[in-house]
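Data block below; observations after.
What follows is calculated from the coordinates using simple rules that are stated; it is not laboratory data. Nothing here was measured: the structure is a model prediction, and the numbers come from that model. Here the Cβ is made from the backbone with ideal geometry for all residues, glycine too, and neighbour counts use every protein chain on show.
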Amino acid sequence: MQKHILMCKPTYFDVRYKLSTNSWMNPDNKPDIQLAQWQWNELYRACLEEVVLVDVVPPQPNLLDMTFVANAGLPHKDTFILSNYFHPERRQESQHNAEFLRKMYGNRQLWFLAENALFEGEGDAVWLNEHQLIIAYGVRTNLEGVKAIARILETYDPKIEVVPLPMRPNDKFYHLDTCLVYLSHAKTFLIYDYPFFPEAIEKLKHLGRVVTVDKEAAEKFICNSVVMNEKTIFMPWANERTKDLLNSFGYTKIRTFDMSEFMKSGGAVKCLILEMQPPI
Ligand code: ARG
């Protein structure tokens with residue numbers, strides 16, 4: 001099956017405010033927008049080269065973080081659950097994403113969450129297979145959000161198991177995709193362990209193999225990566241140790257992308273990509 005993703009051009013991307021949960025953002029250290037657009041284009045082109053189907057969400061003026069489309073929501077077959085963002089600065093993104101999804105895939109059923117159920121899409125949620133979904137909560141997504149997602153998914157398929165992962169409040173690894181990437185073909189989680197409560201790590205160990213990276217690698221966003229296929233991974237950065245490990249799992253094509261300008265907003269490769277189907 002061809003991989004299908006969404007991306008959103010960084011036309012209006014900028015750092016003009018601070019978000020309390022994200023200490024990467026500093027309006028005095030603004031991204032170079034032209035360079036960001038170049039970096040985004042490189043990633044976009046590379047996705048096309050990997051024969052990925054890429055649909056592009058129209059960016060909206062004044063929604064500076066909309067390019068981080070991984071946070072838009074959670075797709076499941078013919079359904080899409082739209083995010084309900086923690087920070088008011090990002091809340092309006094959902095209505096534009098909904099409009100796009102309606103136009104683009106008319107037959108998909110869209111779900112909106114209740115006000116108290118906070119959820120930030122693939123920033124905090126990862127499908128392990130058709131029936132297992134892990135969702136981190138405690139920073140952006142909350143437990144009400146996790147429960148709401150589980151309730152919705154249950155109406156489609158009672159076999160779906162949602163595994164909640166409690167996260168330590170912190171302002172650097174504020175989304176699951178900043179500290180975990182699931183290497184689906186090797187049933188292995190590459191994680192930075194600090195942001196997880198021990199209970200969360202225990203749960204991961206029951207679901208697969210857990211390999212940890214160090215703080216230096218984590219701060220270079222090594223976990224903010226996307227598995228493109230059984231051989232290829234897109235990453236913002238990789239050290240030799242990680243490359244060797246990935247090679248040993250059969251991921252022999254490791255492509256790295258300079259994400260310097262997006263990291264000034266606390267994002268990298270995975271944040272710029274929303275994956276439309278669970279791993280196969
Ligand atoms: N500045 C954005 C925010 O804090 C970055 C989002 C990064 N996205 C991600 N999937 N980690 O909301």
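Within region 229-241, is there a residue that is over 16 Å from W38 (Cα atoms), out of contact with any Pro (no Cβ under 9 Å at 6 or more places or on another chain) and aromatic (F, W, Y)? The answer is yes; a qualifying residue exists.
Just one of E216, E240 is within 19 Å of Y194 (Cα to Cα) and away from the ligand (no atom under 15 Å from the Cβ); which is it? Exactly one residue qualifies, and that residue is E216.
Being touching a helix residue (DSSP H, G or I) at 6+ places or on another chain (Cβ under 7 Å), away from the ligand (no atom under 16 Å from the Cβ), under 16 Å from K147 (Cβ atoms) and not in a loop (DSSP other than H, G, I, E, B), is that true of even one residue in region 110-119? Looking through region 110-119, at least one residue is touching a helix residue (DSSP H, G or I) at 6+ places or on another chain (Cβ under 7 Å), away from the ligand (no atom under 16 Å from the Cβ), under 16 Å from K147 (Cβ atoms) and not in a loop (DSSP other than H, G, I, E, B).
Of all residues in region 223-244, those satisfying the criterion of being touching a helix residue (DSSP H, G or I) at 6+ places or on another chain (Cβ under 9 Å) and farther than 20 Å from I5 by Cβ are W237, A238, N239, R241, T242.
Of the residues T188, T141, only one is among the hydroxyl-bearing types (S, T, Y) and under 22 Å from T79 (Cα atoms); which?
Numbers: T188 fails: under 22 Å from T79 (Cα atoms).
T141 is the lone residue from the list that is among the hydroxyl-bearing types (S, T, Y) and under 22 Å from T79 (Cα atoms).
Kindly indicate which of F189, F262 is aromatic (F, W, Y) and within 20 Å of L43 (Cβ to Cβ). Reasoning before the result, please.
Numbers: F189 fails: within 20 Å of L43 (Cβ to Cβ).
The conditions single out F262.
Give the residue that is nearest to T178 (Cα to Cα), with candidates limited to residues of region 138-160 that are over 22 Å from the mean Cα position of the chain (by Cα) and not in a loop (DSSP other than H, G, I, E, B). Can you show your working first?
Step one: filter region 138-160 for residues over 22 Å from the mean Cα position of the chain (by Cα), giving 154-159.
Then keep just the ones that are not in a loop (DSSP other than H, G, I, E, B); that gives 154-156.
Details: E154: 27, T155: 30, Y156: 29 Å.
Filtering region 138-160 for residues that are over 22 Å from the mean Cα position of the chain (by Cα) and not in a loop (DSSP other than H, G, I, E, B), the one nearest to T178 (Cα to Cα) comes out as E154.
Contact map, region 117-130: first residue touching a residue at least 12 places away in the same chain (Cβ under 8 Å) and at negative phi, second residue within 12 Å of the ligand (Cβ to nearest atom) and of a type in the set (K, R), Cβ cut-off under 9 Å, separation 6 or more or different chains; pairs are L118/R140; F119/R140; E120/R90; E120/R140; E122/K270; G123/R140; G123/K270; D124/R140.
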